[in-house]
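Engineer: Take a look at the following structure, please.
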Amino acid sequence: MAIRETSTGIGLSIGRMTEHDLLEVVEIEEISGLSVWGWDAYHKELQSPEDVIMLVATKPTAESIAGPNVAGFIISRLVAGELHINNVAVRPEARRRGIGATLLSAVLNHGRRQGARLAFLEVRAGNVAAQGLYLRCGFQVVGRRRGYYAQPVEDALLMSLSLET
């Protein structure tokens with residue numbers, strides 16, 4: 001799945017993550033303070049293409065020569081008719097440009113095409129910016145998981161979105 005996306009205002013392409021993207025994905029993960037998966041976990045997920053949707057937002061080739069190529073990524077998995085969104089992150093210098101929303105929209109659309117009826121995600125209770133993104137994309141808070149995150153310990157808000165039309 002390669003989608004040419006220009007609505008972000010910076011002309012990014014959204015496409016499937018490959019092994020070549022993993023070093024930058026792990027770098028974005030570390031910068032963003034996500035729960036650590038690391039290279040091995042992402043690589044293992046790439047080996048399960050039938051139920052895993054892993055997308056990256058990348059710069060055009062000419063622009064990527066001057067710096068990082070991957071601006072953001074999203075990791076999700078289809079399980080029993082549900083789309084579980086595991087990780088979403090965008091480089092700090094590329095935030096607030098619609099990249100996260102574009103990645104989220106792409107993965108939700110792919111999940112719908114694969115028959116998912118519902119999307120779920122957990123977000124740190126203190127991550128107001130991410131919660132705002134998810135709310136703007138139609139997610140609703142449906143629960144709280146106490147002490148879900150480590151380093152630092154923090155609750156997670158469970159959010160969901162119906163994918164049925």
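Engineer: Take R136 and decide whether it is over 20 Å from R77 (Cα atoms) and touching an Asp or Glu at 6+ places or on another chain (Cβ under 6 Å).
Structural biologist: Taking the combined requirement at face value, the residue does not satisfy it.
Engineer: Give the number of residues within the range 138-160 that are touching a Phe, Trp or Tyr at 6+ places or on another chain (Cβ under 8 Å) and among the hydroxyl-bearing types (S, T, Y).
Structural biologist: 1
Engineer: With respect to A71, determine if the residue is within 16 Å of the chain's Cα centre (by Cα), modelled with pLDDT under 90, aliphatic (A, V, I, L, M) and under 24 Å from M159 (Cβ atoms).
Structural biologist: no
Engineer: A further question on this structure: In the range 95-116, what residues are touching a residue at least 40 places away in the same chain (Cβ under 8 Å) and assigned to a helix (DSSP H, G or I)?
Structural biologist: Hits for the range 95-116 are I99, T102, L103, A106, V107, L108, H110, G111, R112.
Engineer: Let me ask something additional. Residue pairs, Cβ under 7 Å, 6 or more apart or interchain, first in the range 10-21 and more than 14 Å from K44 (Cα to Cα), second assigned to a loop (DSSP other than H, G, I, E, B) and at pLDDT below 90. List them.
Structural biologist: Hits for this filter: I10/R97; G11/P60; L12/E5; L12/K59; S13/E5; I14/E5; G15/M1; R16/M1.
Engineer: Report whether or not G143 is assigned to a loop (DSSP other than H, G, I, E, B) and touching a Leu at 6+ places or on another chain (Cβ under 6 Å).
Structural biologist: The answer is no for G143.
Engineer: Quickly run through the range 37-60 and pick out the residues that are without any contact (Cβ under 8 Å) to a residue 40 or more places away in the chain, part of a loop (DSSP other than H, G, I, E, B) and not acidic (D, E).
Structural biologist: Q47, S48, P49
Engineer: Please find, within the range 112-126, the residue that is nearest to G33 (Cα to Cα) out of those that are buried (at least 18 other Cβ atoms within 10 Å of the Cβ) and either among the charged types (D, E, K, R) or more than 13 Å from the chain's Cα centre (by Cα) (or both).
Structural biologist: R124
Engineer: Another question, if that's okay. Go through the range 11-57 and count every residue that is at pLDDT below 85, among the hydrophobic types (A, V, I, L, M, F, W, C) and either farther than 17 Å from A89 by Cβ or out of contact with any strand residue (DSSP E or B) (no Cβ under 8 Å at 6 or more places or on another chain) (or both).
Structural biologist: Of the residues in that region, 3 qualify.
Engineer: Search the range 127-140 for residues being in a loop (DSSP other than H, G, I, E, B) and touching a residue at least 12 places away in the same chain (Cβ under 8 Å), and hand back the single one that is farthest from V36 (Cα to Cα).
Structural biologist: Of everything passing the filter in the range 127-140, G138 is farthest from V36 (Cα to Cα).
The values are calculated or read from the model by the stated rules, or taken from the named source; none is laboratory data. The structure displayed is predicted, hence computed values, not measured ones. Glycine also receives a Cβ, built like all others from the backbone with ideal geometry; neighbour counts cover every protein chain displayed.
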